[in-house]
Every structure is written in C-alpha cells, then in structure tokens.
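The values are calculated or read from the model by the stated rules, or taken from the named source; none is laboratory data. A quick note: this is a predicted structure, and the numbers were derived from the prediction, not measured. Positions of Cβ are generated from backbone atoms using ideal geometry, with glycine treated the same way; all protein chains shown enter the neighbour counts. Note: areas computed on protein heavy atoms with side chains; ligands, DNA, RNA excluded. Shrake-Rupley method; radii C 1.70, N 1.55, O 1.52, S 1.80 Å.
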Amino acid sequence: MFDRILVPTDGSGPANAALEYAGEIAAREDLTVTVLHVVDPDDDPPEASIEDLLEEGRTWAAEADAPIIDAVRTGTPREAIFEFAAERDVDAIVMGSRGRRGIGRLVLGSVTEGVVREADVPVLVVRGSADVRRRYPVETVLVPTDGSVHADAALEHALAIGDHLEADVHVVTSVDVSPAELGEGTDLRLDRLETHAQSVVDDATDRAASVGLEVTTAVRHGSIARTIGAYADEHDVDLLIMGTHGRSGIDRLLLGSATERVLRTAPAPVLTIRAPETDQ
C-alpha cells in the first residue's frame, strides 16, 4: 500500500485520530510513520509544549508497536508539510479532520484543503468523530467517479488496495440535476446523463476485470455528496477513495464543495488521489 507515511499533528483530538489510524496501518503493513509537529511563529502558543507532544507520540508508538520517527519544524504549516514530505520522500500524508463543527489550525480548513489540493502524494483524511469507521485492514472500498482522469487515478489505487487487502471495491456515480436545470428537454437530458453514467461504471467493471478483480457498481440520482455519504453508510464502507484535480481547476464531481462536504461528513476515512500534472 505505502512504505513511508507522514502524519502532521497539533496534538488535537482529530490529529490524534489520524495518528492512531496511521498506527494501525503501520502495524499491519510494517511501514514507517513520521510524526511532524509544525510550530507556526505567527500562531498563538500551543497549549502543550513540543516536548509533551513528542512524548505523546513516543507513547503512542510503543502502544501501537509501530516504527516511528518524530520531527519538529518551524514555519507555515502547509509549506512545512510539503517541504518535509519532499525531503523524506514520503508516499502518503495522513491528516485529521474536525468534521462538521469548527476548524482546527492543522486539522481542516485552509491547511488540509491546501494539502489535499496540492500534494504530489495521496492524502488520507481521517475525521475524529466517534461515529467514523476507522477499521483496518479495510473490508469495503468506495470510489465515486465521473469518468475523468482523476477518477481513473483513484480507481487504479482502489483496485490495488482491494487486491492487496482482499477488500470489496464499489464504484458509484451520480446523476445530479438541480431544480434550476429542469425544464424543456429535461427527459432527454436525463437520459443522456444516465447513459453516460452507466458507461462510466461499465468501464470501471472492465478495468477491474482486466486485472482479475470484480467490482460492485451503482448509478444513483441526487446530490453528489449526499449520494456518496448515503452509499457509504448503506454498505458499511471502510475507505473512500476520491480523485482530485489539483492546482489548475475543479472537477464537477471530484473537488470543490462536494469533496469538501465529503471530507467533513464521510463515515470513514477518505483517501484523495491527485492525477499527474501532465494529465490535467
């Protein structure tokens, strides 16, 4: 799955949830976790000292029986995370999310959104809420798709993870027509959208078959974010994998308000995958 994962933390509950989940992955996959504490000189002094945070990390590592490296950097959190990730050649970043209420300095908002949008490696966002399934190894993976190259990149990762963990992979797409779009010719437009949606999930089935896997597919109607959340709840999904468009724009399905809502409300961790710049 991964070899070296980075967990930026500020000692908050959501960040600790991300750290614990990373520990479960590390213990199962025998990989190295680096815990990064970023000190922002422009921010208010933290409630806990850096040494206290480092000690918490060491205690967690001993309990999780996972190899851990801890580090401290001073600077703007997003830039510090990217610089450290590049220096250490990490292949995934794990970050906590506060969820529906409130925004933590490191946990969600501009920092996590920027990391998700611009990171060259996959970013795993873990909500700290008690109702979130943080089970590992995962048994069920969900990939929302619109047939874009970014969704294809997410599907590729999902198939690899499904194969590695012997997990069930579900692929869902949504036909979402807002009330403002209804009018003359609506039936014809819906028919075209449904035909396209079916072709998207059929293509996912073919891609899975080409590597010897089976996937469960579905075409749903309604709000993208609600469709994803409802499907994940119905099927006890353990991990969502979504493609992100990166620096140069926003996909209708895969970034912007829909993805932000999914990151804040998903009932399981969300792994975001950014397609290479050459594909954008």
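Taking the criterion of being more than 14 Å from the chain's Cα centre (by Cα), open to solvent by 20 Å² or more (accessible area, probe 1.4 Å) and not hydrophobic (A, V, I, L, M, F, W, C), the residues of segment 110-159 that qualify are Ser110, Ser129, Asp131, Arg135, Tyr136, Pro137, Glu139, Asp146, Gly147, Ser148, Asp152, Glu156. When restricted to residues that are over 15 Å from the mean Cα position of the chain (by Cα) and either open to solvent by 10 Å² or more (accessible area, probe 1.4 Å) or of a type in the set (Lys, Arg) (or both), segment 1-26 contains 9.
Determine if segment 127-145 includes at least one residue that is closer than 18 Å to Ile228 by Cβ, assigned to a loop (DSSP other than H, G, I, E, B) and modelled with pLDDT under 85. Yes, there is a match, as at least one residue in segment 127-145 is closer than 18 Å to Ile228 by Cβ, assigned to a loop (DSSP other than H, G, I, E, B) and modelled with pLDDT under 85. Can you confirm whether segment 167-177 contains a residue that is at pLDDT below 95 and open to solvent by 70 Å² or more (accessible area, probe 1.4 Å)? The answer is no, given that none of the residues of segment 167-177 is at pLDDT below 95 and open to solvent by 70 Å² or more (accessible area, probe 1.4 Å).
Between Thr244, Thr216, the distinction of being modelled with pLDDT of 85 or more, under 17 Å from Leu142 (Cα atoms) and open to solvent by less than 70 Å² (accessible area, probe 1.4 Å) belongs to Thr216 only.
Taken together, the residues in segment 201-218 that are touching a helix residue (DSSP H, G or I) at 6+ places or on another chain (Cβ under 8 Å) and assigned to a helix (DSSP H, G or I) amount to 3.
Looking across segment 219-241, the residues that are part of a loop (DSSP other than H, G, I, E, B), open to solvent by less than 40 Å² (accessible area, probe 1.4 Å) and at pLDDT 95 or above come down to Val237, Asp238.
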